[in-house]
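S.K.: The structure that follows is given in the form of structure tokens.
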Amino acid sequence: MTAVPRFTDATFRVEADALDALFRDARSATRWSEREVPVDVIREVHELVRLAPSANNSSPLRLVVATSEHAREIIMEHASRGNRVKLDRAPLILVAASDPRYHEHLDVTAPGLPGLYEVLESRPDARAITAHDSAWLQIGFLILALRAAGLDVRPMAGFDKAGLSQALLADRPWHPELLLAVGYPAEDGDHGAGDRRGRPDWDAAAVEI
Ligand SMILES: Cc1cc2nc3c(=O)[nH]c(=O)nc-3n(C[C@H](O)[C@H](O)[C@H](O)COP(=O)(O)O)c2cc1C
């Protein structure tokens, strides 16, 4: 197991416990408690996540909360074989999606900018890029917020995005980006993710120029 360096906690303005829960001890679990994850908890998580930054406040992250057996089955059918068993074990599955028609919400996200709707409407390619990029940034905040709510999360990109889009979201313009298998930590303490793999350190991943 790679030793994660412990920084001086005085550097941060959140408690060391919070840093442990959000970063140092948080893992991409594949096992969870059977305890139900109430949708109200996800709503509260969303109250934080919607404050995450995005390009020109486009706020393109959308969430599909798969509470029905029907939705779970459709997600399972479109997941890669290796991901199905993990998804099946998860008490709750979320689909994080991007909305390339984010400009339908300009009255909330950019009020008082006349003409912006028409400009964005005429640029579907640029909107698709903005929606994708900013949704992925917001997904990072989503994972942190779920962890802050005491949940373990396994992100999974191994699924048929086009197929899931058609089967689950045909009535919306949203693009599925990532599946999130979510649950409270397993009571026996085994998150099922094995030993933490290494990460590039400062020397490999940063440069002072
Ligand atoms: C964008 C993304 C895609 C991923 N896709 C999959 C996947 O399809 N299947 C899977 O089992 N895990 C997937 N993972 C989980 C990663 O393997 C895991 O987050 C990584 O190994 C770090 O594990 P740790 O958080 O336990 O240290 C994905 C993670 C991310 C962020």
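The values are calculated or read from the model by the stated rules, or taken from the named source; none is laboratory data. These numbers come from a predicted model, not from an experiment. No Cβ is skipped: glycine too gets one built from the backbone with ideal geometry, and neighbour counts run over all protein chains shown. Areas reflect the complete protein model, heavy atoms only, side chains present, ligands, DNA and RNA absent. Shrake-Rupley method; radii C 1.70, N 1.55, O 1.52, S 1.80 Å.
S.K.: Among the numbered criteria (1) without any contact (Cβ under 8 Å) to a residue 24 or more places away in the chain; (2) open to solvent by 50 Å² or more (accessible area, probe 1.4 Å); (3) within 16 Å of the ligand (Cβ to nearest atom); (4) under 21 Å from PRO91 (Cα atoms), which one does ALA148 miss?
M.R.: (1)
Table: residues versus (1) touching a Phe, Trp or Tyr at 6+ places or on another chain (Cβ under 6 Å); (2) open to solvent by 10 Å² or more (accessible area, probe 1.4 Å); (3) within 20 Å of GLN138 (Cα to Cα).
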{"position": "ALA21", "(1), (2), (3)": "no, yes, yes"}
{"position": "SER28", "(1), (2), (3)": "no, yes, yes"}
{"position": "ARG31", "(1), (2), (3)": "no, yes, no"}
{"position": "ARG35", "(1), (2), (3)": "yes, yes, no"}
{"position": "ILE42", "(1), (2), (3)": "no, no, yes"}
{"position": "HIS46", "(1), (2), (3)": "no, yes, yes"}
{"position": "LEU61", "(1), (2), (3)": "no, yes, yes"}
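S.K.: Hey, another quick one. Checking GLY112 against (1) open to solvent by 10 Å² or more (accessible area, probe 1.4 Å); (2) at pLDDT 95 or above, which test does it fail?
M.R.: So GLY112 meets the others, but not (2).
S.K.: Out of everything in segment 74-89 that is more than 12 Å from the ligand (Cβ to nearest atom) and charged (D, E, K, R), what residue ends up being farthest from the chain's Cα centre (by Cα)?
M.R.: Among those that are more than 12 Å from the ligand (Cβ to nearest atom) and charged (D, E, K, R), it is GLU77.
S.K.: Hey, can you tell me all the residues within segment 165-181 that are surrounded by 13 or more Cβ atoms within 10 Å (Cβ to Cβ) and more than 13 Å from the ligand (Cβ to nearest atom)?
M.R.: Of segment 165-181, the ones surrounded by 13 or more Cβ atoms within 10 Å (Cβ to Cβ) are 165, 167-169, 172-181.
Selection gives SER165, ALA167, LEU168, LEU169, ARG172, PRO173, TRP174, HIS175.
S.K.: A further question follows. Please work out if ARG72 is closer than 18 Å to MET156 by Cβ, open to solvent by less than 40 Å² (accessible area, probe 1.4 Å) and free of Cβ contacts under 8 Å to residues at least 40 places away in the same chain.
M.R.: Numbers: closer than 18 Å to MET156 by Cβ: yes; open to solvent by less than 40 Å² (accessible area, probe 1.4 Å): yes; free of Cβ contacts under 8 Å to residues at least 40 places away in the same chain: yes.
The answer is yes for ARG72.
S.K.: Okay, moving on. Could you tell me whether VAL95 is touching a residue at least 60 places away in the same chain (Cβ under 8 Å) and on the phi < 0 side of the Ramachandran plot?
M.R.: Numbers: touching a residue at least 60 places away in the same chain (Cβ under 8 Å): yes; on the phi < 0 side of the Ramachandran plot: yes.
It is true that VAL95 is touching a residue at least 60 places away in the same chain (Cβ under 8 Å) and on the phi < 0 side of the Ramachandran plot.
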